[in-house]
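*Asks:* Okay, handing you the structure first.
Only the coordinates and a few stated rules stand behind these numbers; no lab work does. Being a predicted model, the structure only gives us computed values, none of them experimental. Don't worry about glycine lacking a Cβ; one is built from the backbone with ideal geometry, like all the others, and counts go over all protein chains shown.
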Amino acid sequence: MRTNKPFFILSLLVVMALSMLLAGCGGNGNPAAPANTATATDAPAGQTDSPQAEPVTLEFWTIALQPTFNDYFNDLIAKYEASHPGVTVKWKDYPYDAISQRLLTSTASGKSPDVVNLNTEFASQLGSKGALLNLAEYLTEEEKNSYFEGIYNSTVFDGKAYSLPWYTGTEVLFMNKKLVEKAGLDPANPPKTREELVEWARQIHGKTGAAGYAQQLVSKLFPIDGISILNEDKTAAAFNTPEAEAMISQMRDLMKEGVVLKEDADFKKQIQYFSGQQVAFQLSGPTFINFIKTSAPDVYANTIAVQLPTGKANLRLSNSMDLVVPQKSKNPQQAVEFAAFVTNADNQTAFSKVANTLPSSKASIQDPFFTESDGTLEAEAKVVSSQSLDKATDYMVGVPSAADINSAIARGFQEILLNGADIKQTLDAMEKEVNRIIGQGME
């Protein structure tokens, strides 16, 4: 049986981390009272809205941003320290697959960082277990409303906000123009729905031999098709339905036809297939461009970007990086202020321009950088992707124990689509496992 190794490792790390993070969560002394005044976001340079009684050092962790963005962050931190006398920010950067273990080790040694960059799935996992600070108690209503609602709510549980959304992305449809035209299709009139995308993929496969696209077998396949992962109050699985059976059955048939590649293709594999022109489409965020530009410049020159066709739910899914404050931070008030500063509109706009990402701030998206195209693939993808932000939502919005649930569903998809397991029996087993995970979280 094939296993989803990245999810297994993440889940294992989460379990280990939670035991440490939750140990003595209330033993942080008396946490600072929530802010009643504006935070650093609104403070003019050289001023501080909450003078520090004594020097404070904040430890700020990010994921895989050094050395590429050293100049940006060194300047950002210098500006913050200048407007907040007595506050020093120490920036540390770790690889994606190392930050969970680092968080575990530091917390176990009593040296918790203050502001940490996590993806939404891991932030949801920790937040639902009480290992992160409830930021809603520290933010003004204006600050909460400054982010796109669907993205901000991705880690809100019972009215408690466990992260601030930072840089994000929405998927677009990249098309190999040569293959599309060879199949007799018009790239200027792209598919608008998933049903139309499937028909395009079928025609391309029949005319050229290439598949339509490759995909990773993860739980987002449910909400794309209008199937809820959990019930409304997030207390039980809700995906074991006739609609889910029909969706999975269709996917299995498409794989048999060769319209969709029969593989659990991670991002690296998807790049390889598109670069090798084994598939005509790639459903991905704009950062995909950086990889094909290097690996297959001829394919890059023949690629266009259009809005991603939507499924039955008419959803635009986001994939965000967030900032969280661990419950055991010794400086919760100052940590929240710094996180709000990093994610305010001006700073999100500036970072997006140097990193080619999308902001989660409503005001940022009004900048011409996100609305005007110079005709390059990068600009096309950026504009198309940014147009979806007001409708964007993370597919694991409000899902407790997100990493564990995602892993359980992914294993079920693998069993059915790759190993030939019975659809209904496997859905029953997936439902039972997800309910077990939820039950553990409620204990």
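*Asks:* Tell me whether the range 297-443 comes out rounded, prolate or oblate; compute the Cα gyration tensor, take square roots of the eigenvalues as a ≥ b ≥ c, and use a/c under 1.5 as the rounded threshold.
*Replies:* Verdict is oblate for the range 297-443.
*Asks:* How far apart, in nanometres, would the label points at LYS312 and GLN278 be if each is projected 7 angstrom from Cα along the Cα-to-Cβ direction?
*Replies:* Taking the simple label geometry, LYS312 and GLN278 are separated by 3.1 nm.
*Asks:* Please compute the length gained on full extension between LYS182 and GLU378, using 0.36 nm multiplied by the number of residues separating them and subtracting their Cα-Cα distance.
*Replies:* Computed gain between LYS182 and GLU378 is 68.2 nm.
*Asks:* Helix-derived [θ] at 222 nm for the chain: sum -39500 (n - 2.57) over DSSP H runs of at least 4, divide by residue count, nearest 500?
*Replies:* So the helix-based figure for the chain works out to -12500 deg cm²/dmol.
*Asks:* Continuing with the same structure: Report, by chain and number, residues whose modeled amide H sits under 5 Å from the one on LEU358, excluding near sequence neighbours (fewer than 5 apart, same chain).
*Replies:* Under 5 Å from the amide H of LEU358 lie the amide H atoms of THR168, each far enough along the sequence or on another chain.
*Asks:* Additional query: So what are the ³J(HN,Hα) numbers for the range 94-99, from phi and the Karplus equation (6.51, -1.76, 1.60; θ = phi - 60°), rounded to whole Hz, Gly and Pro as x?
*Replies:* Once θ is set to phi - 60°, the couplings for the range 94-99 become 10, x, 4, 7, 10, 5 Hz.
*Asks:* Right, something else. For the range 378-443, rounded, prolate or oblate, judged on the Cα gyration tensor with a ≥ b ≥ c (square roots of eigenvalues), a/c < 1.5 rounded, else prolate if a/b > b/c?
*Replies:* It comes out oblate by the Cα gyration axes.
*Asks:* Now a separate question. Measure out, as a whole number of angstrom, how far apart the alpha-carbon centroids of the range 66-143 and the range 303-374 sit.
*Replies:* The distance from the Cα centre of the range 66-143 to that of the range 303-374 comes to 15 Å.
*Asks:* Now a separate question. Tally the DSSP beta bridges in the chain and give the antiparallel ones as a percent, rounded to 5.
*Replies:* 60
*Asks:* So who's got an amide H within less than 5 Å of the one on SER318, skipping anything under 5 residues away but keeping other chains? H placed 1.01 Å off N, in plane.
*Replies:* Hits under the 5 Å cutoff: THR393, ASP394, TYR395.
*Asks:* Provide the per-residue ³J(HN,Hα) series for the range 70-80, in order, calculated from phi with Karplus coefficients 6.51, -1.76, 1.60 and θ = phi - 60°, each as a whole number of Hz, with x at glycine and proline positions.
*Replies:* 3J(HN,Hα) across the range 70-80, in whole Hz: 4, 4, 4, 6, 4, 5, 4, 5, 4, 5, 5.
*Asks:* If amide H atoms are built 1.01 Å from N in the plane of the peptide, which residues on other chains or at least 5 residues away come under 5 Å of the amide H of LYS328?
*Replies:* Sorted by chain and number, the residues that satisfy this come to none at all.
*Asks:* Given a Förster distance of 22 Å, report the FRET efficiency between ASN70 and GLN101 from their Cβ-Cβ distance, rounded to the nearest 0.05.
*Replies:* In this case the efficiency is close to 0.40.
*Asks:* Name the shape class, rounded, prolate or oblate, that the alpha-carbon gyration tensor gives for the range 313-367, where a ≥ b ≥ c are the square roots of its eigenvalues, rounded holds for a/c under 1.5, and otherwise prolate holds if a/b is larger than b/c and oblate otherwise.
*Replies:* Oblate, since a/c reaches 1.5 and b/c is not below a/b.
*Asks:* Per residue of the range 260-277, in order, report the coupling 6.51 cos²θ - 1.76 cosθ + 1.60 (Karplus, θ = phi - 60°) as ³J(HN,Hα) in whole Hz, putting x for Gly and Pro.
*Replies:* Per-residue couplings from phi come out as 10, 4, 7, 6, 8, 8, 6, 4, 4, 5, 4, 4, 4, 5, 6, 4, x, 6 Hz.
*Asks:* Roughly how tilted is helix 332-342, in degrees to the nearest 10 and between 0 and 90, from the longest Cα axis of the chain?
*Replies:* 50
*Asks:* A follow-up question, please. Roughly speaking, what is the stretch gain from SER295 to GLU54, that is 0.36 nm per residue apart minus the C-alpha to C-alpha distance, in nm to one decimal?
*Replies:* 81.6 nm
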